[in-house]
Each structure stands twice: as structure tokens, then as C-alpha cells.
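Structure first, then comments.
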Amino acid sequence: MKIDREQIKGAVTEHLARSRRYRCLILQTRQLPSFPDLLTATLDAAEALGLVTEQFDFARQFDEVGAVSCEEVANAIETWACSRLFVLVGPLHFIDYWSKDVQGRFWMNLAGFSEGEGGIVVLDAYRTDGVIGPFCVVDRVLSGGIRSLKSRLEATQDLLA
């Protein structure tokens, strides 16, 4: 499937605008070969927003022992996501090595991220375990079989406004 880069750019630009309180967007795809195009579209969106990016890609997800710890990923997010667009480039297989409790805390922390000028984009394969709950689907299917998820807190905030 072909990814519509403009559509992805529009979703990232809309959902991570500086006016948004919760600044994490998850883009999921079933098509693993589409990750390079998805990443390029995300980087184009960052440029349109005037943001520098920091990528946490496969080379940083595993070390000589195995999957990196949740603490290591959280520290990278804390270091970079306030001033840059922090892109977790998937598929995020390293998360599957963590306990269900750690996975749950990780997704909850991402859902509540609301600091600084940057934000977080997660590029991942379709997954529901742990993600659905803190996040909800905002666009069911973008071109290329991609769905986007946003913090459930944002939907609640919008209803209260």
C-alpha cells in the first residue's frame, strides 16, 4: 500500500499543534514495509511545524543484552520530547519484553505527555494490548492502512470545555 504523505503530515500537524495539551500521537500500520514512508511523512510534518526531531529507532531499542528498559526509553523521552518531536520508530518489539504493568505505565505516561514545544509520535504495528485504554482511535484508516490514536485525556478535556 502507498502512504499519502500529505495525509500523514496533516494528521501530525493537527494533533501535535502547539495549542494541543496532550502531545502524543500514535500511528499504527499493518504494513511493515511502509515504515520508511511513514517515517518520512512524519519528518516532513515536523519540518512543517518548525520542529527538530530526535529518533529512537531500532538501533537504540536493543542493547547487547536484549530489549532496553522502560526507564531508558522514559529518560530519552524526558530529555528530548519537550524541545523536539521525539519519534519512536517501530515496530516497537522491545515493549513486548516488558511486563504488562510496565507496558501499562509506559502507555499511560505517553498519553499524559503535555510538556514543552515538542511532542511524541509513535510509529508502530497494530497493537491493542495496553494502548487501548489510555489512547483512543481518532482516524480509523488513513491511506496505506494506517490508524491514528490520541490520548483519551484529550477527548475528555474537549468534552469539558
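The values are calculated or read from the model by the stated rules, or taken from the named source; none is laboratory data. Since the structure is predicted, the reported quantities are computational estimates derived from the model, not experimental observations. Here the Cβ is made from the backbone with ideal geometry for all residues, glycine too, and neighbour counts use every protein chain on show.
Below is a table of values for the structure above.
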item: Residue list for segment 120-131, restricted to those being over 20 Å from residue 40 (Cβ atoms) and either small (Gly, Ala, Ser) or out of contact with any strand residue (DSSP E or B) (no Cβ under 8 Å at 6 or more places or on another chain) (or both); result: 128, 129, 130
item: Of the criteria (1) in a helix (DSSP H, G or I); (2) at pLDDT 90 or above; (3) more than 16 Å from residue 16 (Cα to Cα), which one residue 124 fails; result: (1)
item: Filtered residue count, segment 9-26, keeping only those that are among the hydrophobic types (A, V, I, L, M, F, W, C), farther than 12 Å from residue 154 by Cα and out of contact with any helix residue (DSSP H, G or I) (no Cβ under 6 Å at 6 or more places or on another chain); result: 3
item: Hey, residue 54 of a type in the set (Asp, Glu) and either within 16 Å of residue 150 (Cα to Cα) or more than 15 Å from the chain's Cα centre (by Cα) (or both) or not; result: no
item: Residues being touching an Asp or Glu at 6+ places or on another chain (Cβ under 9 Å) and closer than 22 Å to residue 28 by Cβ - total across segment 54-79; result: 3
